[in-house]
Each structure stands twice: as C-alpha cells, then as structure tokens.
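Just below is one structure, and these are the notes that go with it.
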Amino acid sequence: MTTSLQNTVDALLQDRSLREPDQLARRIDALDRLEAWLVYDESSLESSLCQRANAVMAEWEAINEQLFQSIRDDIRQGSGAKSLCDWAEALRQQDRAERYDPLDALVAGVLNFEAPGDVSELANEMVFYQPTPARHIFDFIARAQLDERDVVMDLGSGLGHVALLTAICTPARCIGIELEHAYVVSARQCAQALNIGRASFIAQDVRATDLSEGSVFYLYTPFTGTLLRSVLDDLRRQAERRTIRLWTLGPCTTVIANEPWLVTEDHGDTHRVSVFQSR
C-alpha cells in the first residue's frame, strides 16, 4: 500500500464526525472501504493501523446497532413509520437503477432477519431471489396512498421486505405469498419480533393462492413465461369483480404494460415501480 493510501486510511480513522448517529450513510461507506482494504491489502498495512481499523469499525458498527435498535423499539410501539420514512428521505438517492445503497443497509439492520434455512433449487421460470431495493419500496409507499381498506399482496415476497415495510408505514393489511418455505419462516419471525400485526405470510405457489382479498398486488419480476401468464390471467379474473392495482418493478413491467385490461400512466418504466389499474 502506498504512503498516500496509508494516510487516507489514517485520516478516515481519525474522522470524529463519523461517530455522529446521523452520519449513517458516510459510516456505511467508510465501513465498506475499510473492510475492502483489510481484505485485499492487509499485508501492506502496518499492523498497528490494522488493529486501529478493526477497533474503529467495531465502534461504528455498535453505533449503527444502537440506531437500528432505536428504530426497532419505535416499530414495536407503533411509531416506526415516522422513523423509517424520515430516514428514507434522509438517505434518498436519485439513482433509479436496481442496485443497493445505504437505505438497504438501514432496512437490513432494522428488520434483522434470521438467516433462512436450506433453500430449495429454483424451479423453472422462477427468478433468482433479490429483495426490492429499499428506495423503490418507499417510493411505492409514498405514491400508493394506501388506507385501512387496502390489502396488499406481494406475489413472490421472498423475505418479506415489501409486506413488512408497507405494514409498518401504512394502515394497509399486507400479505406476502412465497413458495420458498425458508423465506416465509424468516419473514414470520421478523413480523413477530417487531410486533407487526398487519403483515402475514403464506408459503404457497401463487397459482394456488386465493387472491380475492387483494386490492393491490406487488410484483418484483418473481417469475416469467407461462407462470407469469397464469398469474396475470388469475389477476384479470379478479379484476372482473372489482378494481385492482398492480405495482411492478423490473422486466415483468414490460409484459404487464401490454395487458389490455390494465391502464397506466407510467409508460412501462422498468427502473421505477410502475402502477397499473384495471379498467
């Protein structure tokens, strides 16, 4: 490691402002940078600097955990919406790509999922699981204007990020439908630990699920092909009985934009949650 990089690491460790609780984004970035340096350049670092780096990283992680615990306490007491939405606004980034950022680190720290057990092999036409980036979930929450009459059904809910955050931040009831039982177990444990009574999870194939309760359906491209076609046909039948809304993200948006029974003003943008309403 060059002297200039040694000086950069040393300056980072001496930056007292990173200990301020509201400097979460900078602290997460600093942790990522230090971890990368320790993994890839440890042999070039002076041993004393390595020790200092590990000690400061532990201190920063403890500060983050205190922040996460404070928000968890707010959620259990029913006041988590303000805490989370304030942080979502503070950490909001203009980037619309489907990548992760400090808001995702905050959400992961707050929800604090138990590690899922053994996960089954991915079935045909199922898409590899990735959680919706948190900024897109908060975009959905801000724009959907959900009330106590709404039932949000997340089709292919994974660990439950959408259902959990929506239940915390809105009066809607939220149901996650997920085929992978290990994910459902983790989601249920999180809901119970945080006392999120309006979020529930069902371990089931979406095609076998009764969708009649839903008024809002969320899809982060959980499946493709004939499986997606089957689910859309079921949703069309639901729309024959009542008005429903579909919120989508990713490649499935392009497919859903061509459904004649749905209308949208979002122009099929795959890089932001799009809303479709039944005719």
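The values are calculated or read from the model by the stated rules, or taken from the named source; none is laboratory data. Note that this is a predicted model, so its numbers are computed, not measured. Backbone-built Cβ (ideal geometry, glycine too); neighbour counts: all protein chains shown. What goes into the accessible areas is simple: the full protein's heavy atoms, side chains included, and nothing from ligands, DNA or RNA. Shrake-Rupley method; radii C 1.70, N 1.55, O 1.52, S 1.80 Å.
Take the residues of the range 238-268 that are within 16 Å of Asp154 (Cα to Cα) and among the hydroxyl-bearing types (Ser, Thr, Tyr): which is surrounded by the most Cβ atoms within 10 Å (Cβ to Cβ)?
The initial filter retains those residues of the range 238-268 that are within 16 Å of Asp154 (Cα to Cα), namely 238, 244-250, 252-253, 256.
Filter again for among the hydroxyl-bearing types (Ser, Thr, Tyr), leaving 248, 253.
Details: Thr248: 28, Thr253: 25.
The selected residue is Thr248.
What single numbered condition from (1) touching a residue at least 60 places away in the same chain (Cβ under 8 Å); (2) open to solvent by less than 40 Å² (accessible area, probe 1.4 Å); (3) within 19 Å of the chain's Cα centre (by Cα) fails to hold for Asp150?
Every listed condition holds for Asp150 apart from (3).
Yes or no, residue by residue, for (1) modelled with pLDDT under 95; (2) open to solvent by 50 Å² or more (accessible area, probe 1.4 Å):
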| position | (1), (2) |
| --- | --- |
| Leu12 | yes, no |
| Asp15 | yes, no |
| Pro21 | yes, yes |
| Leu34 | yes, no |
| Cys50 | yes, no |
| Leu67 | no, no |
| Asp74 | no, no |
| Ala88 | yes, no |
| Leu91 | yes, no |
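Could you tell me which residue of the range 183-232 is farthest from the chain's Cα centre (by Cα), considering only residues that are open to solvent by 40 Å² or more (accessible area, probe 1.4 Å) and of a type in the set (A, V, I, L, M)?
Top of the filtered list is Ala208.
Modelled with pLDDT under 85, more than 22 Å from the chain's Cα centre (by Cα) and acidic (Asp, Glu), is that true of Asp95? Break it down into steps so the answer makes sense when it comes.
Numbers: modelled with pLDDT under 85: yes; more than 22 Å from the chain's Cα centre (by Cα): no; acidic (Asp, Glu): yes.
Spelling it out, it is not the case that Asp95 is modelled with pLDDT under 85, more than 22 Å from the chain's Cα centre (by Cα) and acidic (Asp, Glu).
Which of (1) farther than 27 Å from Asn124 by Cβ; (2) in contact with a strand residue (DSSP E or B) (Cβ under 7 Å, 6 or more places away or on another chain); (3) not charged (D, E, K, R) does Cys190 not meet, given it meets every other one?
Unmet for Cys190, out of (1) farther than 27 Å from Asn124 by Cβ; (2) in contact with a strand residue (DSSP E or B) (Cβ under 7 Å, 6 or more places away or on another chain); (3) not charged (D, E, K, R): (2).
Tell me yes or no: at least one residue of the range 107-121 is open to solvent by 40 Å² or more (accessible area, probe 1.4 Å) and within 11 Å of the chain's Cα centre (by Cα).
yes
Does the range 216-227 contain at least one residue that is free of Cβ contacts under 8 Å to residues at least 40 places away in the same chain and in contact with a Lys or Arg (Cβ under 6 Å, 6 or more places away or on another chain)?
Among the residues of the range 216-227, not one is free of Cβ contacts under 8 Å to residues at least 40 places away in the same chain and in contact with a Lys or Arg (Cβ under 6 Å, 6 or more places away or on another chain), which makes the answer no.
Within the range 163-257, which helices (runs of 4 or more DSSP H) (wholly inside it) include 2 or more residues that are within 25 Å of Trp87 (Cα to Cα) and at pLDDT 95 or above? Outline the logic, then answer.
Details: elements: 181-193, 225-239, 252-256.
Once the helices (runs of 4 or more DSSP H) in the range 163-257 are filtered for at least 2 residues that are within 25 Å of Trp87 (Cα to Cα) and at pLDDT 95 or above, what remains is 181-193.
Condition check: open to solvent by 50 Å² or more (accessible area, probe 1.4 Å) and on the phi > 0 side of the Ramachandran plot. Does Asn124 satisfy that? So that I can check it myself, show each step before the final result.
On the way: open to solvent by 50 Å² or more (accessible area, probe 1.4 Å): yes; on the phi > 0 side of the Ramachandran plot: no.
Judged against the criteria, Asn124 is not a match.
Based on this model, can you work out whether Gln145 counts as surrounded by fewer than 21 Cβ atoms within 10 Å (Cβ to Cβ), over 15 Å from Val110 (Cβ atoms) and under 10 Å from the mean Cα position of the chain (by Cα)? First the steps, then the outcome.
On the way: surrounded by fewer than 21 Cβ atoms within 10 Å (Cβ to Cβ): yes; over 15 Å from Val110 (Cβ atoms): yes; under 10 Å from the mean Cα position of the chain (by Cα): no.
When the stated conditions are applied, Gln145 does not pass them.
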